[in-house]
């Protein structure tokens, strides 16, 4: 079973790094279709060449199922990562304000007036992602700062624009 896990994760990482190289080298049209092709075509190759890889049918089945689940999970998260995420936009604006922070009024000026900003703002306060400092300015929590840095690195690694969500 460990062998199957190693093969599955190795294959996924190989495909993931292939995607990163492709995405960083040129602008891709029809991203979702290309992602499905990139991530799901290795299964066809494994099934086609199972006798060459000296694997038994059960191994092929286990590797295929694990790989498909892993790939589909990634494919579900990718569109959300490439879109502008209002919560992260709020976090970026607060981070860019520096040590002083930003007032709620100035934060709202950065957005077109709509209900989305208010609901996201309230969610971030309730979740403890942002808070008011002693001067009444909004600041990031430790966790939201860490989360923002993690996703910024991840988006940068994928060749996506950092700082927009």
For residue 142, state whether it is touching a strand residue (DSSP E or B) at 6+ places or on another chain (Cβ under 9 Å), at pLDDT 85 or above, assigned by TED's automatic domain parsing to the domain that holds residue 99 and surrounded by fewer than 14 Cβ atoms within 10 Å (Cβ to Cβ). no
Tally, over region 152-165, of residues that are modelled with pLDDT of 75 or more, over 19 Å from residue 18 (Cβ atoms) and surrounded by 14 or more Cβ atoms within 10 Å (Cβ to Cβ): 1
For region 94-112, does any single residue satisfy the condition of being within 24 Å of the chain's Cα centre (by Cα), within 20 Å of residue 16 (Cβ to Cβ) and modelled with pLDDT of 80 or more? no
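The values are calculated or read from the model by the stated rules, or taken from the named source; none is laboratory data. Since this is a predicted model, take the numbers as computed values, not measurements. We place every Cβ from the backbone using ideal geometry, glycine too, and count neighbours over all the protein chains shown.
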